[in-house]
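Below is one structure, written out as structure tokens; the observations come after it.
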Amino acid sequence: MKNPHRHLMLSLACALLLPSAALATTATRSSFGSMPGGSKVEAVKLQNGHGTSVTVIAYGARVQSLITPDRNGKLADVALGYNTMDGYLSKRQFFGATVGRFANRIDKGQFTLDGVHHQLTLNDGPNSLHGGIGGLDTRLWKVTSVKQGPTASVTLSDVSPDGDQGYPGRLSLTVTYSLDEDNQLTIDHRATTDKTTIVNLSNHTYWNLNGEGSGTAMDQRLMIPADEITPVDDTLIPTGAFLAVAGTPYDFRQAKAIGKDVRDGHSHQLMTGKGYDMNWVISHAKSAQPRLVAQVESPDSGRVLRLYSDQPGLQFYSGNFLDGTTVGKSGHTYRQGDAFVLEPQLFPDTPNHPEFGSAVLKPGQVYENRMVYRFSTDKGGK
């Protein structure tokens, strides 16, 4: 005779397991096309039970899309980019990319390390930007790990050889994207070297909380808890000074629309960068744990983005050089101010400014940069 108690126990166990299974975040691998030489570009989609998903592609270890609900539950892709490899290959715009080996600008592409002068490739007027001509965003990374579970993740790896773009040392890199059931995307950058070098990695996703291709992002409200910026010269290189934001258009300590002061004709910084394109001083050293470094809210969609980071600086860029010649995923053009970028990192040109700290990585050390993007809505948001 069958034991009825055993069937009851099995039913209870299944009932207890079902919620966990329903909340499992999935990871799906697919192809996103090919490189010019024929190498396949892999894509991995992480998706949770609330409809939020992020698709990462191996070219540039980048965010190709991030879909999340608005206050009414309507889904939209809030990350700018392309539907095919052709777009990414035709024009270098850093959409969603991992940038480095040194994110941001280095004056004239030059620095001295242990008494040795190094010259990097130049790709931003007289300066080197985001790693130079062949930065990490231009490389085909390898997908080395894909995991499912309450938190799903994909890890990509690459090796930048000694002398790559002028940087010393063989740099071994990994970037891990993780998505959980709290609509939280965590990006972990790690690097090691066999020779003393400099490292500064970041992510360059362009965000619009109303959806990519929806038009301007200048009415979205930004808060940055920083008392200072590092002002720049006419080529967007820091002067070495620290400028208090109080009484300036750079004061985002209280949330305000991104576009509120962007046309201030008295601001040399805004005139030079054609909008916001500078570093906010969150702290003067890396923190032990990620803390809130920015918050953006959309009055229209109700989406809220909170960014947590352990880095001392935050580069805020207001999409100044989007010029209407790029057609994105929705089939709409991207124009000036249609997105914003928030890049947690070391201060720009740190290797040439000892007062900014150090970007040096030595053999035996591990470079780490963790950033957490938490998505919610203004109705019941976290």
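Observations
- Spatial separation of Cα centroids for the range 220-270 and the range 315-341, in angstrom: 20
- Relative packing of 128-134, 278-284, 363-369, which averages over residues the other C-beta atoms within 10 Å, highest first: 128-134, 278-284, 363-369
- Projected-area mean, the chain, by convex hull of Cα positions, square nanometres: 22.3
- Computed from point charges on the beta carbon alone (+1 for Lys and Arg, -1 for Asp and Glu), the dipole magnitude for the chain about its Cα centre is near 1360 Debye.
- Listed residues 332, 279, 123: farthest to the positive end of the dipole of the chain (Cβ charges): 332
- Estimated vicinal HN-Hα couplings, Hz - the range 274-282 in sequence order (Karplus 6.51, -1.76, 1.60; Gly, Pro = x): 6, x, 6, 7, 8, 9, 9, 8, 6
- 3J(HN,Hα) along the range 295-306, derived from phi through the Karplus expression 6.51 cos²θ - 1.76 cosθ + 1.60 where θ = phi - 60°, amounts to 9, 10, 10, 9, x, 6, 8, x, 5, 10, 10, 10 Hz, with x in place of Gly and Pro.
- With a Cα cut-off of under 27 Å and a minimum spacing of 8 residues unless on different chains, the lysine pairs in the range 157-294 number 4.
- Across the options 304, 257, 226, the greatest Cα extent toward the positive end of the charge dipole of the range 210-317 (unit charges at beta carbon of Lys, Arg, Asp, Glu) belongs to 304.
- Farthest toward positive dipole pole in the chain [+1 Lys/Arg, -1 Asp/Glu at C-beta], among 373, 89, 196: 373
- Cα centre as origin, Lys/Arg/Asp/Glu Cβ charges: the range 72-131 dipole, Debye: 100
- Per the Cα gyration tensor, the range 232-382 maps to an equivalent ellipsoid with semi-axes of 26, 21, 17 Å, ordered largest to smallest.
- Interchain or long-range residues, amide H under 5 Å from residue 96's placed H: 204, 205, 206
A short reminder: the numbers here are calculations on the coordinates, not readings from a lab. Only a predicted model underlies this, so the values are computations on that prediction, with no experimental measurement involved. Here the Cβ is made from the backbone with ideal geometry for all residues, glycine too, and neighbour counts use every protein chain on show.
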